[in-house]
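Structure first, commentary second.
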Amino acid sequence: MASLPNFDDLPPVRGMPQGCAWGIFDKDDKKDILGTLNLLTREVVKDAAAEVEFNTQASSQWDRFVYFMHHPTGLAYNGANPTIEAFQTPKSSQTLPTLDHWHQRGCVTGPGVLIDFKSYAQSHGISYDQFSGFRIGATELEEVASWQGVTFQVGDILLTRFGVTETLSQMTGAGQGGAMRSGKMCGLEGSNKMARWLWDKHFAAVASDNIAVEAMPPIFDGVEQPTHELVLHQWCLTLLGIPLGDLWDLKALAHACRASRQYSFLITSSPLNFPGAVASPPNALAIL
């Protein structure tokens, strides 16, 4: 972008005081509507992105459909084949179901509903270790919804609170590392039955304050399995097209819902608009 005039050098605009920047950003006979946001050029944004050093995978995030594959076929949602070569092609963002496509339809904006299992458990004398692999099924989710007076609607974004992020925030870095490396985490039951329930409720997306939405480790026929065998990740992300959100901080939302006795709200979420994005911080707000 050409250099901009200093304040005192801005060209005069008839009828306006000195220092009016009208017309400065006009181009090709089109009146500008962005103002100084025009200064966020591709080069400026690229330089800003170079400042990023932290690993977003270890914080609040959305997982997109190319984050996890259907193991028998190696394919992602709707038959996409997200190979390294596929991501390296110039048109990869046009052919793969990556996060940047959300921006084409206003990102994530819709009805949210909180299932506050932590408060429900405390009220009903249910104790659980958040780092033990404790899991709840559709029956428990329905019970909490009934206790809160919640009726699920088509298009709801389901948020489930277990209190994991609250516990992690009280730990030292070493304590957090140990908890995360344990491979055990409370969450939703990872099963075909749970996948069926989530689909039949027609949720638009599912998120939680734990690491993977579903409990870890996966368990088949009573036997613990490695993390890469996560059941809901295969069902939701690859087969059903349901986005999953991990490690969302739901404490303040739970307090607001409890105080207002309202567990439904508007959710807005604007992930990174980065071509080919596999995951992103959610940048989410719940508005009651």
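Summarising the overall dimensions of the stretch 7-49 from its C-alpha atoms, the Rg and Dmax are 13.1, 41 angstrom. Length gained on full extension, Trp22 to Arg258, computed as 0.36 nm times the residue gap minus the Cα-Cα distance: 80.1 nm. A dipole drawn for the stretch 57-287 from +1 and -1 charges on Cβ atoms has a positive end, and of Ile126, Gln225, Gly149 the residue lying farthest that way is Gly149. Evaluating 6.51 cos²θ - 1.76 cosθ + 1.60 at θ = phi - 60° for every residue in the stretch 77-85, the Karplus couplings come out as 3, 6, x, 5, 10, x, 7, 4, 5 Hz, glycine and proline recorded as x. What does the charge dipole of the stretch 7-49 about its Cα centre add up to, to the nearest 20 debye, if the Cβ of each Lys and Arg holds +1 and the Cβ of each Asp and Glu holds -1? Value, rounded to 20: 160 debye. Only beta bridges with both residues in the stretch 57-287 are counted; by DSSP, about 60 percent of them are antiparallel.
Annotation: amide H of Ser280 within the under-5 Å range of Trp62, sequence separation 5 or more or interchain, hydrogens built in the peptide plane.
Between 0 and 90 degrees, rounded to the nearest ten: what's the tilt of helix 138-148 against the longest Cα principal axis of the chain? So the inclination is approximately 70 degrees.
Taken over the stretch 166-288, the percentage of Cα pairs per 5 Å bin, counting from 0 up to the bin with the maximum distance, is 2, 9, 16, 19, 20, 18, 11, 4, 0. All distinct Cα pairs of the stretch 69-142 go into the 1/r average, and the inverse of that average, the Kirkwood radius, is 16.7 Å. Computed log10 I(q)/I(0) for the chain at 0.07, 0.15 Å⁻¹: -0.34, -1.17, from the Debye equation with unit scatterers placed on every C-alpha and solvent omitted. Peptides 10-23, 185-198 ranked from most to least packed give 185-198, 10-23, packing being the mean of other C-beta atoms within 10 angstrom over each peptide's residues.
Just want the answer: with Cβ charges of +1 for Lys and Arg and -1 for Asp and Glu, which residue in Leu4, Val52, Thr73 is farthest toward the dipole's positive end in the stretch 1-78? My answer, from the dipole projection, is Thr73. 3J(HN,Hα) couplings calculated from phi for the stretch 158-168 with the Karplus curve 6.51 cos²θ - 1.76 cosθ + 1.60 (θ = phi - 60°) are, in sequence order, 7, 10, 10, 9, 10, x, 5, 4, 5, 5, 4 Hz; Gly and Pro show x. Charges were assigned to the Cβ only: +1 to each Lys and Arg, -1 to each Asp and Glu. The resulting dipole of the stretch 158-258 about its Cα centre is roughly 240 debye. Placing +1 on the Cβ of every Lys and Arg and -1 on the Cβ of every Asp and Glu, with nothing else charged, gives the chain a dipole about its Cα centre of roughly 420 debye.
Since every read-out is calculated from the coordinates, none of them should be taken as a lab result. This one's a predicted model, so the numbers in the text were calculated from it and none came from an experiment. Ideal geometry is used to build each Cβ from the backbone, glycine not excepted, and the neighbour counts take in all protein chains shown.
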